[in-house]
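The structure under discussion is supplied below as structure tokens; questions concerning it will follow.
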Amino acid sequence: MVRIAAFGDNDVDCYLSDGRMYPGGNCFNLSVFARRYGAGTAFVGAVAEDAAGRLMRATLAAEGVE
């Protein structure tokens, strides 16, 4: 199995008008999409201890990213 470690950025797009947040960022997206295609992946980057950070961690866990 291919294993990929993505080091770097993440961000959360916040849409106040409808109260939604969407996680993303280059390295974040790479780790999620590579995992969906069967690679073992890990995301390495700074993640805050706020609602956006909790969303990031929950999304990575749900996608099977280490």
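Looking at M1 and the list (1) in a strand (DSSP E or B); (2) at pLDDT below 95, which single condition is not satisfied?
(1)
Taking only the stretch 9-66 into account, find how many residues are assigned to a strand (DSSP E or B), surrounded by 12 or more Cβ atoms within 10 Å (Cβ to Cβ) and among the charged types (D, E, K, R).
Counting residues in the stretch 9-66 that are assigned to a strand (DSSP E or B), surrounded by 12 or more Cβ atoms within 10 Å (Cβ to Cβ) and among the charged types (D, E, K, R) gives 1.
The values are calculated or read from the model by the stated rules, or taken from the named source; none is laboratory data. Note that the structure is predicted; figures quoted are calculated from it, not measured. Here Cβ is always computed from backbone atoms with ideal geometry, including for glycine, and neighbour counts include all displayed protein chains.
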